[in-house]
Structures are given as C-alpha cells and as structure tokens.
Amino acid sequence: MGRDRLFILLAFFVTYIVWGATYLANYWAIGSIPVFGMGGTRFLAAGLLLYAFTLLRGDRSLPTPRQAVNSSVIGVLLLSVGTGAVVWAQQYIPTSTTSLIIAFEPLVVMLMMWGALSSRPPLKAFFGAFVSICGMMLLITQPIALGGGGDSLKGLLGITTGMVCWGAGMLLRQRLDLGENRMRATAMQMISAGVILLVFSLAIDEWAGWSWQELTTRSAYAWLFLVFFGSILAFSAFNYLLGQVSADKVSTNTYVNPVVAVLLGGMLNGEVITVQSMVAGAVLLGGVYFINSATA
C-alpha cells in the first residue's frame, strides 16, 4: 500500500470515528463545564494551537482584512452557532438521537440552495427528501428518543438553529475568499468562534458560582479530546481529504458518524436504542444517500 493511500485511509478513519464520538464527548464535557464556555474555550484553544502550527511550518504571511472577516463570519455560523446550539441542545436530547437528526443536514442545505440560489434539485433529491422526512418522523415520534418533557422542544429548536446556520456557513464558505492556506483559515474560524462563544458565556453570566472543584475528570478528558481530536485532528483530516479525493467521497462521514454516535451512546452512556430508532435511522440515512448522490 502506497504512502498516499495509507494517509487517505487514516484520514477517513479519523473523520468517521472521531466526529461520531464528539457527540458523546460534548455531552460529557458539559456535564461539569458551562455549555457555551466549554465551546468557547475548546475552539479558542484549538484555533490558537492550529494557528501556531501553521507558523511553525513557515507560513508567516498575514491574512488580508477581508479574509479575516470572512473567516470570522464562517466561524460564527459553523461553530459558534452551528455547533454551539447543537451542544446546548444535548442537555435535553440524547446524543444518539441528536446525531441522527443532524444527519438531516443535507436536506437543509439542498432546500437552502434551492431557495437562496435558485438551484432546483433533481427528482432523485426530492425522493431522498421524502424518505428522510419519513425517517425523521419515525424517529421523533418516540417519546424516549427526545428524552420526554417540554425541554425536548427546546432541544429540537437548538438543533434546528444549528443545522440552518451550519448550512448557511457551508454555502458561504464556497463563495468567500478565505485565503489559500486551508489550515490557517480553519484556525481563524475556530479562534473567532471561540471568542464569540466566550463573550456570550460571560454576558449571560454562565460562570457565576462555578469553581474548579466542580470540574470532573470525565469532563476534563472530554474537553481535551474535543480540542485535540475533535477540532485539530478531525478538521485537518477533513481538509486533507478535500485536497485528495472528490467531495462526495469525503461527505460519506454523513452516514457513518450517526452510527458511531448511536453505538457509543448505547454502550457508554446508557442510552436506550429501540428497534424503532434503528429503523428510523436506516430510513433517514437512506434518504440522505439519495440526496447526496443526486446529480442535476
């Protein structure tokens, strides 16, 4: 096996497993760390470390003001709100259910492209949307899937908000000048997202009464995992794959991440995985496949 092929396989493994594991890691991290403060410190630390790494590689050039602003906008959409809202929602909805709902993202992007860019999806994509909606309805009609209670509605609202902002960030990312250095652009996105989340965390007085004695070992390890593996390693692997293989192959993590999240939620977090959940997940992911594989 050639060196390049080995690196590609390793990069796929990272995006499949690590991003699937971040759902549970986020849930554990916010167990004893304020939600938005956790996200802010996570992204700021990861962004600064990744930016420092680009400097060590010899890239001393500074981004233009436009590139800095563009990266900040994308960072806020993808990470501050896109990820932040989903992590907040995990207080109310199990990690396994959250990951399956997030698999609905390709449909959100398709509808946004149709509405904002007048890019009418092909018939196959409409069929995939119908199948995905059926799977989603099958999933969320289970009281156990949403954890029960009125708070589950807040969780759904948070996930929906995150998905819409993530979709907007994906569309804008393809149209804004972020510079040629993808790694540095990613670092700038994380830095801006971390700053925004920390400012918001302080503004709502999220740290009031919190002390280091409250930090559990599990939350600390989960935070470290999110910084070094969920942010730095996974994003670097994702960017590497985009430069080596076609985008449709890179996007196959859409199908694998929920499977990993559901399995980890069941094995390590005591989440109940019903037969209806498994069927709903299979139907939903089948619809996502038709959406992603559709060609105009």
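Please verify whether ALA187 is under 14 Å from the mean Cα position of the chain (by Cα) and small (Gly, Ala, Ser), treating the condition exactly as stated.
no
Residues that are surrounded by fewer than 15 Cβ atoms within 10 Å (Cβ to Cβ), at pLDDT 95 or above, of a type outside the set (Asp, Glu) and assigned to a helix (DSSP H, G or I) do not occur anywhere in the range 25-37.
Considering the range 198-296, the qualifying helices (runs of 4 or more DSSP H), each wholly inside and each with 1 or more residues that are aliphatic (A, V, I, L, M), within 30 Å of PHE126 (Cβ to Cβ) and in contact (Cβ under 8 Å) with a residue 60 or more places away in the chain, run over 234-242, 247-250, 253-268, 275-293.
Within the span defined as the range 224-238, one or more residues are within 18 Å of THR83 (Cβ to Cβ), among the hydrophobic types (A, V, I, L, M, F, W, C) and out of contact with any helix residue (DSSP H, G or I) (no Cβ under 7 Å at 6 or more places or on another chain).
Per-residue answers, yes or no, for (1) part of a helix (DSSP H, G or I); (2) out of contact with any Pro (no Cβ under 7 Å at 6 or more places or on another chain); (3) closer than 22 Å to GLY158 by Cβ; (4) touching a residue at least 12 places away in the same chain (Cβ under 8 Å):
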position	(1), (2), (3), (4)
ILE74	yes, yes, yes, yes
SER80	yes, yes, yes, yes
ALA85	yes, yes, yes, yes
TYR92	no, yes, yes, yes
VAL108	yes, yes, yes, yes
PHE126	yes, yes, no, no
VAL131	yes, yes, no, yes
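With respect to the conditions (1) at pLDDT below 90; (2) loosely packed, with under 15 Cβ neighbours inside 10 Å; (3) farther than 20 Å from THR97 by Cβ, TRP210 lacks only one, and its number is (1).
Among the numbered conditions (1) of a type in the set (Ser, Thr, Tyr); (2) touching a Gly at 6+ places or on another chain (Cβ under 7 Å); (3) closer than 14 Å to THR186 by Cβ, the only one that THR95 does not meet is (3). Counting only residues that are free of Cβ contacts under 8 Å to residues at least 24 places away in the same chain, of a type in the set (A, V, I, L, M) and more than 30 Å from ASN269 (Cα to Cα), the range 1-22 holds 2 of them.
Residue-by-condition table, conditions (1) charged (D, E, K, R); (2) under 16 Å from the mean Cα position of the chain (by Cα):
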{"site": "GLY2", "(1), (2)": "no, no"}
{"site": "ARG5", "(1), (2)": "yes, no"}
{"site": "VAL14", "(1), (2)": "no, yes"}
{"site": "ALA21", "(1), (2)": "no, yes"}
{"site": "MET38", "(1), (2)": "no, yes"}
{"site": "THR41", "(1), (2)": "no, no"}
{"site": "ALA45", "(1), (2)": "no, no"}
{"site": "LEU48", "(1), (2)": "no, no"}
{"site": "ASP59", "(1), (2)": "yes, no"}
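The values are calculated or read from the model by the stated rules, or taken from the named source; none is laboratory data. Computed from a predicted structure; not experimentally measured. All Cβ positions, even for glycine, are placed from backbone atoms using ideal geometry, and neighbour counts span all protein chains on display.
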